[in-house]
Amino acid sequence: MDTLKLMIVDDEPIIRKAIKYELNETKALVQCRMSDDGEVENKEIQVLDTFASGPELFARLNDPQAPKPDYLLCDMEFQGEPTGGIAIADRITRHYTNSAGKPIKVIILSGRFDNPLESPSQDAALRNQRVTEIGRVVFESLRHGACAFVSKNAMGGFSIENILRAISCLERGEKYYFNYPVMLTLKEAAERYFGEIDPSGCGAEDFDDEERQVLLFEAAGCTAQEIAQRLAPTWCESDKSIQEIQKDLSRKLNTVNKSGARIAKAIRVGLLDPKEVKFLKR
């Protein structure tokens, strides 16, 4: 069975020890994909080592004889520095690879991303400031190379399962993963972000008919293959694949490369009218 190697950097000793013990002692497995014949491919997680700080981690990574990890589980906050994990993710992404020469995938582990100040007695202005701050930190982390975010304070307490689900998600090729408490805050932060400012500065006039048709079919629930088939009679002069057009749309709309993000932003800038969308019957 293939093994995925993991390193952990967190300034809380109990967190480091708990994760290493649970993953190594239980010989934890992640489900990576399902083959064409229906068999599930699993990989075992092996924690190579844990570190209390960035300098300790990089000293090990700079040792040419030391094995390199496939994944780095990294705390966001180190000794009062609220964005220390971003600096580590950025450095890992730019300068380090695993033993096979492939990028090391960074998973951010933190309690800072949970739905903040849920008590109604808390000051509304303070809560809004907190949500905005969390949203900014998450977006910056993604920009600097983080692949996933896992909350330390999952529903019912800290759970190793959330780490395993994140790794499984990334092994399937899905770049972004957020477990439930993180998702609550990100949803609110994103709604406020897009509700208050339009960072792309784009409008409906910046898109051609082909791009608009792709968005309409996407909003109707079509896959990239179905969109290509539906556009085939009139779509002969373009040398781009549907996936390339979708990536261009995400870039122009200044969103992550996800259909939901593209559609929401297209409606926001007036490129799509929800009344025009005809849902695909399955």
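The values are calculated or read from the model by the stated rules, or taken from the named source; none is laboratory data. Every value quoted in this text rests on a predicted model; they were computed, and no experiment measured them. Every residue, glycine as well, gets a Cβ built from its backbone with ideal geometry; the counts of neighbours run over all protein chains shown.
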| Assuming Pro67 fulfils every condition listed in (1) under 21 Å from Arg172 (Cα atoms); (2) of a type outside the set (Asp, Glu); (3) in contact with a Lys or Arg (Cβ under 7 Å, 6 or more places away or on another chain) apart from one, which condition is it? | (1)
| query | Does the range 182-189 include one or more residues that are part of a helix (DSSP H, G or I), at pLDDT below 85, out of contact with any Ser or Thr (no Cβ under 6 Å at 6 or more places or on another chain) and among the charged types (D, E, K, R)? | reply | yes
| message | Being closer than 22 Å to Leu142 by Cβ, at pLDDT 90 or above, touching a helix residue (DSSP H, G or I) at 6+ places or on another chain (Cβ under 9 Å) and surrounded by 17 or more Cβ atoms within 10 Å (Cβ to Cβ) is true for just one of Ile45, Ile8. Which residue is that? | response | Ile8
| field | the range 48-71: number of residues that are aliphatic (A, V, I, L, M) and either in a loop (DSSP other than H, G, I, E, B) or modelled with pLDDT under 90 (or both) | value | 2
